[in-house]
Structure formats: C-alpha cells, structure tokens
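Below: the structure, in structure tokens.
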Amino acid sequence: MLQTDRVVFGHGVRHPLLNSCKKYAVYSTAMDKSMRQPKPPLWSPQYRYFCETDTLSVYFVKAVPGLIDNTEDAVGGLLVDYTEDQRIVSFDVRMASVRTRAHFWDTATDVQGAPPLCLQTEYSEEADTFTVSFVDSPQHYKSVCTDDDRISVWVNDSDKWESVVIAHAMESIAE
C-alpha cells in the first residue's frame, strides 16, 4: 500500500476509497426565509493530506492570494490560518499520522487498529459550534484548550486527536 495525496470535497462527496464512512456532510437546520434571520452556514470544507510532510490541511474557504493575513500555532502541531479580521480560513495538523487516531493509507479498512481518515463535519446551530472529526466514530474523552479561545481539540483516552471544534462559528470562520 502506498500513501498518496488526496483531496476530498464536502456536501456528501467522498473519496472513492473512503466508502466505509457512514456520514460526511454538514448538518444544519435552515431557517424559514420569512423570519428574516440569517441561515446557518453550510461550510463545505476541503481537505488534503500531504504524505511528504505528514500534514493534514482542512480548508473552510478557498485560500486565494491575500486572504490569509497570519498563521498561528494554536497548540503544538495545530497551525491556524486567519484573515485580517481574525476569521479562520484553514488549519493544518502537523504529524497527522502521529497526532490523530486515523490512518492515511489508501484503504478503507483499519490498519493496525487505526480507522481510515474520514473527515466529518457538523454544525450545531444551538451551540454555534462547528466540529471537524477525523474518523467515522470519534471517541471524545477530553478537550484540550488552545491559544485561540474559540478552538479546542478533542482527544481520546490515548491522547489521539479525534476532532477540532470551533466555537462562535458564525463569527469565527471565514466566508
């Protein structure tokens, strides 16, 4: 088996090798237009795994030239890209195969007890949080705070990263 770069798009489109994923979509409840309130976001993040550097990059919007103003290390190994007004454009997980529970091989089966990468996203309108999980069935054990109060990393009982959660998502994520 060889590791390769892969790009996956949101809204239910899966990489052909990730057929074991049970769900892959953004969940939200659209508000009635007559209420004249904003609809919840339908972010459709893309991700790419770079095997040469063992980096998983998750993009909320297309990073066009001039969009990213600065990059900060939110917690060891989690680099976050921000716009000029400090909205989140993307994040990178460095040493992803070590930090996450997922494996990055081109197979939809478990490898040495690790499930395949299966990016899942969920928006909670009630809590205004956006969760990006790396595996099909995340096993959240505890939350790890980051230097950005809006971002937390959920880990399992082995301290492997399961999800990244963004609070105040409507205000925090770039459009």
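Summary table below
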quantity	calculated
Probe 1.4 Å, all protein chains present, accessible-area order of Trp161, Trp154, largest first	Trp154, Trp161
Nearest-10 value in Å² for the accessible area of Glu125, using the 1.4 Å probe	60 Å²
Contour minus Cα-Cα distance for Met95 and Asp159 (0.36 nm per residue)	21.6 nm
Rounded to the nearest 10 Å², the accessible area of Leu79 at probe 1.4 Å	40 Å²
Of all DSSP beta bridges in region 89-166, antiparallel share, percent nearest 5	90 percent
Residues Thr53 and Gln112, FRET efficiency given R0 of 22 Å [Cβ-Cβ distance, rounded to 0.05]	0.55
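The values are calculated or read from the model by the stated rules, or taken from the named source; none is laboratory data. This structure is a prediction, so every number in the text was calculated from the model and none was measured. Glycine gets a Cβ as well: all are built from the backbone with ideal geometry, and neighbour counts include every protein chain shown. These accessible areas exclude ligands, DNA and RNA; they are computed on the full protein's heavy atoms, side chains included. Shrake-Rupley method; radii C 1.70, N 1.55, O 1.52, S 1.80 Å.
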